[in-house]
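Structure, as structure tokens:
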Amino acid sequence: MGRRRVVITGLGAICPIGTNIDEFWLNSLAGETSVFPIPEGWRAYSDFKSKILSKLPPLEFKNWGLRRLDRLQYDRVSLLAICAAREALTNSGYHIAVRDERAGTFKVDELETNRCGVFVGTGLGGGNSFLENYTHQVLSRKKREISSLLKDLPKSEANDSLHRSLGQLTHIPRFNPFVVSMLMPNATSASIGIKFSIGGPNITFSMACAAGTVSIGHAFKSIQTGEIDVAVAGGCEFLDDRYGAMFRGYDAAGVLVHNFEDPEVANCPFDKKRSGFLFSQGGAAVLILEELETAKNRNAPIIAEVLGYGETFDAYSMMGMEPDGFGIERMIRLAVQDARIGAEKIQYINAHGTGTSLNDQIESQIIERIFNQNALINSTKSLIGHTIGASGSLEAAITALSLKHGTTHICKNLTEPIANLNFVTEVLSHDLKYAFSQSFAFGGHNAGIVMQRYGD
Amino acid sequence: MSFKTYDEIQAKVCKVVEEVLAISIDEIDLDASIEKQLAPDSMDQVRLYMVLEDEFDGSIPDEDLKTIHTVRDIINYISRRLGVET
């Protein structure tokens, strides 16, 4: 079987600026953000250099057909992934019906499920469930013991102070018997496969900030080579815990935004004033990838075509980027070679654009070296912050919609660009045929996807 | 939510059984064996007690679970724990 053409026929997303793909797209064009101060309560446990984060909107999971049992059995990261998958499948024209009411599972009519794969990226998987249950394991019995001891002590300021501190050591009320299946990273792809009864290859990719791009790339390849006909592909992340430990992990590494002369514009990828990335509470995006003829036969809506994929590994440092960016350059050249176009044909680049000093410097130098200098460049992270394992798929979704609609969102808060590149500062109409979305990850993983407007 | 009567607790327990085991409330046999008839899959039993704990905002210790065999046992157990006359 030769190379088959692969198209995107459905999108679903949840992120800080949208609870569905349309809301996300329109709010991105409007330059919306969701920046909030970090929870006041976290300051009781440690000091933080960064002070802001990008929050998810309130979510009612029952709106996506999920039950209390799902909320109790799945980590929030998997719930986000399931919701995005459901929206993407529906938008792709598939009808979702109940398969087993007791199990809470669905079937996707007209989908040959054994010829459909699930490919999901996540950075930390169900880390929230692990940490929440850990609070119960460590604190519940010991708190009762200490409270009991304090009751027998005479009233004093020290006693009151101990009571206050004890009150700050909160934990979930009950240890969850499903915690193992909630925290394991592969629960993200497995939960989609189980929920929607999809029996083809089911793979979780854990490449930190590149996971959401790698998953789409591998789904694309699996369809292109004929292994499967349809893929539910994307990424998801949920980074939250009651004590701010996840936030502190990134904060302690010094990668979060920490220049707060004006918090409103502190998150400014590719700007001279940038000081790190905006921590995001998370999100998810799912793309339905489909072999072109399969899509046409069922009159599926076609959003864009995936043309090529490239991935490389720096083999350099766990958290530092290779200064010359040769690993990234190799990845880009592999991707455009796979797409059978020249890099100069790319008219729009959805950059990794984190806002860290080194990323933006190296990324802009690579873009200068390889691409057409007129190519439009933006960073979706300038709007929603860094959603780690979800970021690549949210950005791929934006890239596909940019090709479809011939317009792009701005690179928010960019006033003093670090390079003489064509950064997007206005939402305008463009004749876009080819676009590229790229991600780089802690560990040294680089991945990029070439897309083409459908119909050319 | 506070429960004042045995009937209120029974109604809520039956609602949870319906929610978890997909058995319509009218068809729940209060004296049927949970382990042998209503939820032979042990994971369904885990789910049932997890949702009951969530609903009534409490914990059922493992040693207490050994005394529960039917839905009526659940209703009686929760009523006792909440101080409601059985």
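Just for the range A:50-70: of the residues that are more than 14 Å from chain B (Cβ to nearest Cβ) and of a type in the set (D, E, K, R), which one is farthest from A:Asn267 (Cα to Cα)? Write out each step before concluding.
Applying the first criterion (more than 14 Å from chain B (Cβ to nearest Cβ)) to the range A:50-70 yields A:50-61, A:63-65.
Restricting the remaining residues to those that are of a type in the set (D, E, K, R) gives A:51, A:55, A:60.
Details: A:Lys51: 11, A:Lys55: 14, A:Glu60: 28 Å.
By that ranking, first place goes to A:Glu60.
Just to verify a result, which residue in the range B:1-41, among those that are of a type in the set (Lys, Arg) and assigned to a helix (DSSP H, G or I), is farthest from the other protein chains (Cβ to nearest Cβ)?
Here the residue is B:Lys36.
To keep it simple, each residue is scored yes or no on (1) within 30 Å of A:Pro57 (Cβ to Cβ); (2) buried (at least 24 other Cβ atoms within 10 Å of the Cβ); (3) touching a residue at least 12 places away in the same chain (Cβ under 8 Å); (4) assigned by TED's automatic domain parsing to the domain that holds A:Ile14.
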{"site": "A:Leu358", "(1), (2), (3), (4)": "no, no, yes, yes"}
{"site": "A:Lys381", "(1), (2), (3), (4)": "yes, yes, yes, yes"}
{"site": "A:Ile384", "(1), (2), (3), (4)": "yes, yes, yes, yes"}
{"site": "A:Asn413", "(1), (2), (3), (4)": "yes, no, yes, yes"}
{"site": "A:Pro417", "(1), (2), (3), (4)": "no, no, yes, yes"}
{"site": "A:Ala447", "(1), (2), (3), (4)": "yes, yes, yes, yes"}
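So which strands (runs of 3 or more DSSP E) are wholly in the range A:79-177 and hold at least 1 residues that are surrounded by fewer than 16 Cβ atoms within 10 Å (Cβ to Cβ) and in contact with a strand residue (DSSP E or B) (Cβ under 8 Å, 6 or more places away or on another chain)?
Working: elements: A:96-100, A:105-108, A:116-122.
Because the criterion is at least 1 residues that are surrounded by fewer than 16 Cβ atoms within 10 Å (Cβ to Cβ) and in contact with a strand residue (DSSP E or B) (Cβ under 8 Å, 6 or more places away or on another chain), the strands (runs of 3 or more DSSP E) in the range A:79-177 that meet it are A:96-100, A:105-108.
Could you say whether any residue in the range B:42-59 is among the small types (Gly, Ala, Ser), within 11 Å of chain A (Cβ to nearest Cβ) and not in a helix (DSSP H, G or I)?
yes
How about the range A:346-456: which helices (runs of 4 or more DSSP H) wholly inside it have at least 1 residues that are farther than 27 Å from A:Thr122 by Cα and among the aliphatic types (A, V, I, L, M)?
A:357-370
Just to be sure before I move on: is A:Thr105 more than 19 Å from the chain's Cα centre (by Cα), among the polar types (S, T, N, Q) and within 14 Å of another protein chain (Cβ to nearest Cβ) in the structure I sent?
yes
For the range B:67-83: of the residues being modelled with pLDDT of 95 or more and assigned to a loop (DSSP other than H, G, I, E, B), which is surrounded by the most Cβ atoms within 10 Å (Cβ to Cβ)?
In this case the residue turns out to be B:Ile68.
Given the conditions (1) in contact with a helix residue (DSSP H, G or I) (Cβ under 8 Å, 6 or more places away or on another chain); (2) more than 14 Å from chain B (Cβ to nearest Cβ); (3) modelled with pLDDT of 95 or more; (4) part of a helix (DSSP H, G or I), which single one is not true for A:Ile203?
(4)
Is it fair to say A:Glu237 is among the charged types (D, E, K, R), crowded, with 22+ Cβ neighbours inside 10 Å and at pLDDT 95 or above?
When the stated conditions are applied, A:Glu237 passes them.
The values are calculated or read from the model by the stated rules, or taken from the named source; none is laboratory data. Since we're looking at a predicted model, the values are computed, not measured. Cβ coordinates were reconstructed from backbone atoms using ideal geometry, including for glycine residues, and neighbour counts include every protein chain displayed.
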